[in-house]
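Reading through the structure tokens given below for one structure.
The values are calculated or read from the model by the stated rules, or taken from the named source; none is laboratory data. Small disclaimer: the values here were computed from a predicted structure and weren't measured. Because the Cβ atoms are built from the backbone with ideal geometry, glycine has one as well, and the counts that use them run over all protein chains shown. For accessibility, only protein heavy atoms count, side chains too; no ligands or nucleic acids. Shrake-Rupley method; radii C 1.70, N 1.55, O 1.52, S 1.80 Å.
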Amino acid sequence: KAKDEGKNNYRIYDSSLNPDAEERLEIKNSLRHAVDRNELTVHYQPQIEVGSGRILGLEALIRWNHPKRGLLMPGSFIAIAEETGLIVPIGEWVLRTVCSQSKRWQEAGLPPVRVAVNLSARQFAQNQLSPLVQDILTETGLDPAHLELEITESMAMQDRNWNTLAELKQLNITISIDDFGTHYSSLSYLKHLPVNKIKIDRSFVNGIAQEPKDEAIIMAMLLVAHRLNLTILAEGVETYDQFSFLHRNQCDEIQGYLFYKPQSAEQIEHILRQHSPEETLNRIKG
Ligand code: C2E
Ligand code: MG
Ligand code: MG
Ligand code: MG
């Protein structure tokens, strides 16, 4: 069968894949209709408090249920969505979906968690970001204390974004810096900007127990974050060695396959219902 399909026999898509020109054009065209056709969906990955094992938050991660290609990861379409500007309506859809989902979980009596949404640079350029966030919070009835927005260092560095950031902060939501330490940037924005949290990029976490330089950089990040009263989370934690290094060095929160992979809303609801912090910490020692 695979042979008959010839060049229509598409590869499995993942975030590491770089689609070629023909594929990109096809993705671009079908992405235009993805929102209307209800093909986009949001998965959620738990964020765990290191000391207690409690679930403090969830990161919302978009997926695309492509009619022909199956479940696509953001690595195969987010860049295209940004280039075409489609990220603006898509980003709005994500925000609305996540806020109403979170509100429904609370109404169903689940323990309250913060939900983090990734923002793209194009959404900032739109300039109507904070009124939009305010409208969605009002419309869904979600307490802003339960919403977090993730921005990148390059977005935080640009002074034309600073007004918008200040406006967002006034809504009492949490703002975090994603993929911290991976871009060529200065630390001085941490001093001026209303940022609450930094997320150590997976590339540093990978080096724990293997590359002393990565460990040194992580320890410096932990020190800076805590001295500045910022919460610090480590991304991409996959091994117990990584966890125990982060625990020993007082990292606040952890997100990674060691605890949970990103999962559908239904699966997350189940996890939130039966989650036991002690069991979670015991499980990973395995
Ligand atoms: P990110 O915000 O840095 O998200 C973390 C990525 O690391 C996710 O990939 C997640 O599935 C993956 N991950 C989590 N734990 C582990 C682990 O232990 N090991 C490994 N190897 N990977 C782990 P995903 O879901 O493919 O998302 C990729 C990127 O796409 C995100 O990186 C984010 O930059 C972007 N993205 C996702 N959803 C949205 C969205 O709604 N809007 C925008 N603008 N960007 C999004
Ligand atoms: Mg993120
Ligand atoms: Mg990240
Ligand atoms: Mg990223």
What size of dipole, in debye to the nearest 20, comes out for region 184-286 about its Cα centre when the only charges are +1 on Lys and Arg C-beta atoms and -1 on Asp and Glu C-beta atoms?
280 debye
Inter-probe distance in nm under a simple model that places probes 7 Å from Cα toward Cβ, at Leu187 and Thr84
4.2 nm
What accessible area, in Å² to the nearest ten, does a 1.4 Å probe give for His275?
40 Å²
Could you state the number of Å between the C-alpha centres of region 76-148 and region 220-286?
23 Å
Let me test this: with uniform point scatterers at the alpha carbons of region 152-286, what is the Debye-based log₁₀ I(q)/I(0) at q = 0.14, 0.16, 0.17, 0.20 1/Å?
-0.73, -0.91, -0.99, -1.20
Write down the accessible area per residue of region 161-286 in Å², having rolled a 1.4 Å probe over the full set of protein chains.
53 Å²
Hey, what do the phi angles of region 112-127 turn into as Karplus ³J(HN,Hα) couplings, whole Hz, using 6.51/-1.76/1.60 and θ = phi - 60°, x for Gly and Pro?
x, 10, 7, 10, 9, 10, 6, 10, 9, 4, 4, 5, 6, 4, 4, 6
Quick check: at a probe of 1.4 Å, how many percent of the accessible area of region 86-190 sits on carbon and sulfur atoms?
49 percent
For region 213-284, what size does the Cα cloud have along each of its three principal axes, sorted from largest down, in whole Å?
38, 24, 20
Have a look at Tyr240, Val224, Gln263 and report the one farthest towards the positive end of the charge dipole of region 223-279, computed about the Cα centre with Cβ charges (Lys/Arg +1, Asp/Glu -1).
Val224
Before I look further, what does region 43-120 give for accessible area per residue, probe 1.4 Å, in whole square angstrom?
35 Å²
Comparing Leu190, Leu110, Leu25, which has the greatest mean-square fluctuation in the GNM of the chain with Cα pairs linked when under 10 Å apart?
Leu25
Here the Cα Rg-to-2.2 N^0.38 Å ratio for region 118-227 is 1.17
Leading residue at positive end of dipole, the chain (Cβ point charges), from Gln274, Ser52, His183
Gln274
Helix-only mean residue ellipticity at 222 nm, the chain, DSSP H runs n ≥ 4 weighted -39,500 (n - 2.57), per residue, nearest 500. What is it?
-12000 deg cm²/dmol
Protein accessible area in region 195-286, 1.4 Å probe - carbon and sulfur %
47 percent
Would you look at the GNM of the chain, springs on alpha carbons closer than 10 Å, and say which of Leu233, Leu95, Leu86 moves the most?
Leu86
Test of understanding: in a Gaussian network model of the chain with alpha carbons linked when under 10 Å, which of Glu23, Glu253, Glu150 would top the mean-square fluctuation ranking?
Glu23
What helices does the chain hold that run 20 Å or longer along their axis, going by alpha-carbon atoms, with a Kyte-Doolittle average of -1.0 or more, using DSSP H for the helix calls?
87-107, 212-227
What share of the DSSP beta bridges in the chain is antiparallel, in percent to the nearest 5?
40 percent
Rh_Kirkwood(the chain) over Cα pairs, Å, one decimal, evaluates to 20.0 Å
With +1 at each Lys and Arg Cβ and -1 at each Asp and Glu Cβ, the charge dipole magnitude of the chain around its Cα centre, to the nearest 20 debye, comes out at 220 debye
Normalised by the number of residues in the chain, what is the relative contact order in percent for Cα pairs under 8 Å and 6+ residues apart?
18 percent
In the chain, lysine pairs with alpha-carbon atoms under 29 angstrom apart (chain gap of 8 or more, or interchain):
27
